Amino acid sequence: MKRAISILKKFWGYDKFLPNQETIIRDILEKKDTVALIPTGGGKSLCYQVPALILEGTCIVISPLIALIDDQIQRLKSLDIPAEGLHSGLDKIQQNIVLKKLESGRLKLLYISPEKLQSKSFRNLLRTINLSYISVDEAHCISQWGYDFRPQYQKIANIKELFPDIHISAFTATANKKILDDIIKYLELNNPAITRGSFLKGNITFAVIETEKKLKVLSLLLKEFSGSGIIYMRSRKGTVFLADYLARNGENVMYYHAGMDSSERHNVQLKWLNNEIRTIISTTAFGMGIDKSDVRFVLHFDLPTSIEEYYQEAGRAGRDGKKSNAVVLYNKNDLNVLHKNNIDTFPGLRDIRTTYYNLLKYLDIDISNKSNISKKIDLYGFFNFNGIDRFKSYKCIGELERYGLIILNIPIRNIHSELKINFEADFLEKIKNTDKTAYLIFKEVILNYEAVFITLTSISEEKISKIINIDKKEIIEVFENYKKKKYIDYKRQKSDFNISFVNKDFALINEDELIFRKERLENNISSIFDYLAYSNCRQKYILAYFGEKIKKPCNICDICQGVYDANYSRNRLELFTQKIDDLIFDYNTDIDDLAYVDTFLNRNKNIQMLKLLFKKEKLKTMGNKIIKSKSDE
Ligand SMILES: [Zn+2]
């Protein structure tokens, strides 16, 4: 360990390891298989980088994302540590330079994607070099129980065909028992040393707010919290709307989602990292590999789909150890939506089969004698024809593709063209008489797609064509024409959908796997429901979910603070009075505004609190306004 400490001092400048780091490093140096379950921010990369510098040869690090690889390489190079990465983002020349360095034995760490490990030429090269050990980062990607499953991860262990004695170290920031079991199983770990860090986040106040007025409560929370934050939503459209709403209310926000092009995303991310914008409103696409230590709040405006996902996202708050907030906002309808979008619409084998035969019927195809037929398809028309829920139909087609019965020429998620309107609303009146067709089309677009004035919005020419009975080709012509004149931005769907029936063997569909995936979803979602309804310390709930027991409640979550207690704690009442003072010091306030004074409380509790203050004669009414009693001033 002396050697490890001197290396830590030399390259990183620290004098000692954190307790878990030392254990893990010792195990790796003793050539044991290891699994480290360490929460984000617990210094896990050090645990495999230090042994790599001590052991002879090159350590291969497997990592799921190019962004993560690049980030690590940059950091290591800045510390003068000989490390490189190999991934599809590099051109041939860059790759060759890395491979030359690897061959010459100069590298201590080589980061690769799991796909690379399966490449024949890469394996041939590996045979010729001295490998110290293999480190698997984000190892939860190996498990279908995780929220970020990568099938290629399950093939990592076949490297043992080349190096039967190689030892493997796995790292993850989740600690779910099922995932741990999968890591051990699929990496074929031999009696591994398991180190588990504590997942307690003692500086984060966890809270859940059920409210029918999410927007209002959100605005209040943003005023209450200081510093920078993230608001998570499920849909791309949602992020655009919310960003627009909050910006119009004077908040310094921008949205981020996977549908934006990469330079745009990079730009938003950078502005947020540099604190030029305070709050980023994002789909779950944002966050992995992002290192910002002073995030003060993470708000979920839509419900997450599992506790792992939630804790990972919430854990992006407060990495600097300072007080931070993680709040979930929801209403009854959100519960229904979560259930519907995930469980009710999860297709069973029968739905998939029905969809398959309906596709054949719709396209008038006889596949009995042929093995491969391709045909153009209007998916919108088909969804209506299929007779099952549209969203479910969409998922059924996805499953048919996933199991290799059909192939679509473009990914089904790219079903839409995109359009943004640059003209002002009164422009329509101007073209009403000069270009009647365009008038009708744009009127319909505006009616159907609220976001078109704000952002590139998914639209369907087919749908519009059906409603106003104008040929699809003509609609596209109008769009192209107005695009040339810069009245709109328009990205036409690359080509028509083409569907190929490549295999008719239903045995390809693994029903056990379908059932498993549905069960997993049900499990995950019911844990979220349990979390929302939990009446004990929230940290306790989450940690118990990960198999960790804490003796004392966290003392800072909404429940520990007595927010739901019928007898409010003195502190809470004082805080409440204080907030009312702040609110009505300068102006009179509607009763409805006061009903959300304490954002951690729902409307009824707020009103109860108000009643208490009336009883104590701290407040009185005037018309439909509430004002402070004169005696109080
Ligand atoms: Zn608590």
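The values are calculated or read from the model by the stated rules, or taken from the named source; none is laboratory data. Owing to the predicted nature of the structure, the values given are computational and were not obtained by experimental measurement. Cβ: placed from backbone, ideal geometry, glycine included. Neighbour counts: every protein chain shown.
The set of residues in region 273-296 that are surrounded by fewer than 14 Cβ atoms within 10 Å (Cβ to Cβ) and under 16 Å from the mean Cα position of the chain (by Cα) contains only Asp291.
One residue is enough: does region 201-209 have a residue meeting the conditions of a type outside the set (A, V, I, L, M), more than 25 Å from Lys332 (Cα to Cα) and under 17 Å from the mean Cα position of the chain (by Cα)? Within region 201-209 (the criterion being of a type outside the set (A, V, I, L, M), more than 25 Å from Lys332 (Cα to Cα) and under 17 Å from the mean Cα position of the chain (by Cα)), the answer is no, since none of the residues qualifies. Within region 261-285, which residues are among the polar types (S, T, N, Q) and either part of a helix (DSSP H, G or I) or in contact (Cβ under 8 Å) with a residue 60 or more places away in the chain (or both)? Result: Ser262, Ser263, Asn267, Gln269. Residues that are over 31 Å from the mean Cα position of the chain (by Cα) and over 19 Å from Ser113 (Cβ atoms) within region 41-61 comprise Pro51, Leu53, Ile54, Leu55, Glu56, Gly57, listed in sequence order. Whenever a residue of region 540-557 is polar (S, T, N, Q), its partners that are within 9 Å of the ligand (Cβ to nearest atom), lying with C-beta atoms within less than 9 angstrom and at least six residues away or across chains, give the pairs Asn555/Cys537; Asn555/Gln561. Which condition number does Leu610 fail, the rest of (1) at pLDDT 65 or above; (2) assigned to a helix (DSSP H, G or I); (3) within 16 Å of the ligand (Cβ to nearest atom) being met? Evaluating Leu610 over (1) at pLDDT 65 or above; (2) assigned to a helix (DSSP H, G or I); (3) within 16 Å of the ligand (Cβ to nearest atom) leaves (3) as the failure. Annotation note: of Ser417, Ser368, the sole residue that is at pLDDT below 90, under 28 Å from Asp489 (Cβ atoms) and polar (S, T, N, Q) is Ser417. Number of residues in region 545-557 that are within 8 Å of the ligand (Cβ to nearest atom) and either surrounded by fewer than 17 Cβ atoms within 10 Å (Cβ to Cβ) or of a type in the set (D, E, K, R) (or both) equals 2. The set of residues in region 425-440 being modelled with pLDDT of 85 or more, exposed (fewer than 12 other Cβ atoms within 10 Å of the Cβ) and part of a loop (DSSP other than H, G, I, E, B) consists of Asn433, Thr434.
Conditions tested, residue by residue: (1) in contact with a Ser or Thr (Cβ under 8 Å, 6 or more places away or on another chain); (2) in a loop (DSSP other than H, G, I, E, B); (3) over 18 Å from Val253 (Cβ atoms).
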position: Gly287; (1), (2), (3): no, yes, no
position: Asp291; (1), (2), (3): no, yes, yes
position: Phe297; (1), (2), (3): yes, no, no
position: Thr305; (1), (2), (3): no, yes, yes
position: Glu308; (1), (2), (3): yes, no, yes
position: Gln312; (1), (2), (3): yes, no, yes
position: Ala317; (1), (2), (3): yes, yes, no
position: Lys322; (1), (2), (3): no, yes, yes
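Just one of the numbered conditions (1) closer than 25 Å to Asp148 by Cα; (2) surrounded by 19 or more Cβ atoms within 10 Å (Cβ to Cβ) is not true of Ser324: (1). Considering only residues in region 558-577 that are in a loop (DSSP other than H, G, I, E, B) and more than 9 Å from the ligand (Cβ to nearest atom), the one that is modelled with the highest pLDDT turns out to be Gly562.
Region 449-537 holds strands (runs of 3 or more DSSP E) entirely within its bounds, and those carrying 3 or more residues that are more than 27 Å from His257 (Cα to Cα) and away from the ligand (no atom under 16 Å from the Cβ) map to 497-501.
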